[in-house]
Amino acid sequence: MGPMLKAKFDDIVGSKRSFKLWHEGSELVKKLADEKPKISLFGRLSHVGNLNYDVFSEIAYVCGLDMTYYETKKNFIDEIIVAKRNKVAHGEFLQSDEAEIVEAIDLVIEIMRTLKTDLENGAVLKSYLN
């Protein structure tokens, strides 16, 4: 929301006039619906701690990626990768067998390859503009 629209919204919210409030509010909503959002991805990311699925999905949304494939990997990203990484980073000992580690590595590589392909296709198709 631009600074002028935000100021107008603040005026409307602070108003005691009921009919005019609704009319001005509906006009503001129309303007907001027509205004293309300006998203500062870098500003948002500078305030984010660990990359988890929710943060990843915000980045993917800004890039215009189809999240269908990644949605199926949400639990793996949050519970296997991020949670275990955090435990190790905080000094906990994790015991895993070789098969579990190989499976996790294979899935991480698959996700990374899919992401690379999706980003390349998105750049060519300019899906980030939609």
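Computed from the coordinates by the stated procedures, all read-outs in this text should not be read as laboratory data. Everything numeric in this text was worked out from a predicted model, so none of it was measured. Here Cβ is always computed from backbone atoms with ideal geometry, including for glycine, and neighbour counts include all displayed protein chains.
Below, the figures for the structure above:
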quantity	calculated
Note, ³J(HN,Hα) from phi for region 61-76, Karplus 6.51, -1.76, 1.60, rounded to Hz, x at Gly and Pro	4, 4, 7, x, 7, 6, 8, 3, 5, 5, 4, 6, 9, 4, 4, 4
Test item: Cα-centred dipole of region 62-125, Lys/Arg +1 and Asp/Glu -1 on Cβ, debye	260 debye
